[in-house]
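Input: a single structure, listed below in structure tokens.
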Amino acid sequence: MRDIQLEITQKFITAIEAGISSTGSWVRPWQRLATEGAAVNAKTGKEYRGMNALILSLSGCQHWAGYGQWSEKGCQVRKGEKGTPILAPLLKKDNKTGENVLFGFRGVSVFSSEQVDGWVEPVAPTARTIAPVAAAVALIDKSGASIQHGGDSAHYVPSMDYIQLPHMTAFSTPEGYYGTALHELTHWTGHKSRLDRELNTSRFGDEAYAFEELVAELSSAFLCATTGVHMGYMENHARYLASWLRVLKNDSKALMTAAAQAQKAHDYLVEKEKAAVQKVA
């Protein structure tokens, strides 16, 4: 039986390894997602989320849809084009609450706008109404997170529930500071009083540590796409890569779980900001 999760994970692993240059530098495979935003379904206009957003961002194309959806748009997938597998949620109605609940996933294939005839690219969206740094400041401030400044490293301290950041002057640009802050803010969402993730930050390199760092990396990509700031510089990327690759290669479900938790952290912070703004209004 075809294992779509394994296929997607292997594709992602290849992208991670392909980003390593001969000089040892590394380009994040989710950098395009952070810069350009998540891919959009050409039929519904909704952004793809979680692991689907990650895997579709690797191609550089922003508009995707299923074969039938393209037909409904008056477009035709060209003969011989190969679809990209993603995961579609399977929902069922809860008899007690009456709400639809997730009980699994099924693999579906989608095609990019570059694989069809009859598609006209929509007018480019207007410029952001809020400057990236201002958007990041608002998101961080409205989170209510405790942030302390000093030292030369950025980290979150679960036992004391605060974020430690170097002063902004330690970064080459303000965006570098805020990109790093968003990464640490994702760790902050994992506290037991919030999203309650396993925050094992005591041992660099163990699987729990590596998994949480992957969640924070992916969520900060989603947050950078939302705010428009650039992702912060990653120190010791070679050490992180080794542990991430080990986690992904050992468990084909790890990527989907990490991406889902990353999306949840992103949504938590965005909704928290919206609630704070509405309360003031």
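Considering every residue within segment 65-83, establish whether at least one is crowded, with 19+ Cβ neighbours inside 10 Å and touching a Leu at 6+ places or on another chain (Cβ under 8 Å).
For segment 65-83, residues crowded, with 19+ Cβ neighbours inside 10 Å and touching a Leu at 6+ places or on another chain (Cβ under 8 Å): absent.
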ask   = When you scan segment 60-73, how many residues do you find that are touching a residue at least 12 places away in the same chain (Cβ under 8 Å) and more than 26 Å from Glu36 (Cα to Cα)?
value = 1
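For residues that are farther than 10 Å from Ser252 by Cβ and within 18 Å of the chain's Cα centre (by Cα), tally how many sit in segment 2-12. Spell out the reasoning first.
Step one: list which residues in segment 2-12 are farther than 10 Å from Ser252 by Cβ, which gives 2, 11-12.
When the remaining residues are screened for being within 18 Å of the chain's Cα centre (by Cα), the result is 11-12.
Final tally of qualifying residues: 2.
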query = Do we find that Tyr240 is modelled with pLDDT under 90 and not in a loop (DSSP other than H, G, I, E, B) in this structure?
reply = yes
Residues within segment 31-50 that are part of a loop (DSSP other than H, G, I, E, B) and more than 11 Å from the chain's Cα centre (by Cα), tallied = 6
key: Residue count for segment 134-148, restricted to those that are in contact with a Phe, Trp or Tyr (Cβ under 6 Å, 6 or more places away or on another chain) and either under 20 Å from His230 (Cβ atoms) or not in a loop (DSSP other than H, G, I, E, B) (or both)   = 2
task = Please work out if Phe111 is outside the structural domain of Gln69 (by TED's automatic domain parsing), aromatic (Phe, Trp, Tyr), surrounded by 14 or more Cβ atoms within 10 Å (Cβ to Cβ) and touching a helix residue (DSSP H, G or I) at 6+ places or on another chain (Cβ under 8 Å).
result = no
ask   = Residue check, Trp119 against (1) under 29 Å from Glu47 (Cα atoms); (2) under 26 Å from the mean Cα position of the chain (by Cα); (3) outside any strand (DSSP E or B), all met but one. Which one?
value = (2)
task = Please verify whether segment 193-201 includes one or more residues that are on the phi > 0 side of the Ramachandran plot and either in contact with a helix residue (DSSP H, G or I) (Cβ under 9 Å, 6 or more places away or on another chain) or among the charged types (D, E, K, R) (or both).
result = yes
key: Residue satisfying all of: in segment 9-30; among the β-branched types (Val, Ile, Thr) and part of a loop (DSSP other than H, G, I, E, B); nearest to Gly118 (Cα to Cα) among these   = Val27
ask   = Of the residues Gly98, Gly107, Gly151, Gly80, which single one is small (Gly, Ala, Ser), in contact (Cβ under 8 Å) with a residue 60 or more places away in the chain and outside any helix (DSSP H, G or I)?
value = Gly107
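Kindly provide the set of residues from segment 133-148 that are touching a residue at least 24 places away in the same chain (Cβ under 8 Å) and either outside the structural domain of His230 (by TED's automatic domain parsing) or among the hydrophobic types (A, V, I, L, M, F, W, C) (or both), ordered by number.
Result: Val133, Ala135, Ala136, Val137, Ala138, Leu139, Ile140, Ala145, Ile147.
The values are calculated or read from the model by the stated rules, or taken from the named source; none is laboratory data. Only a predicted model underlies this, so the values are computations on that prediction, with no experimental measurement involved. Glycine gets a Cβ as well: all are built from the backbone with ideal geometry, and neighbour counts include every protein chain shown.
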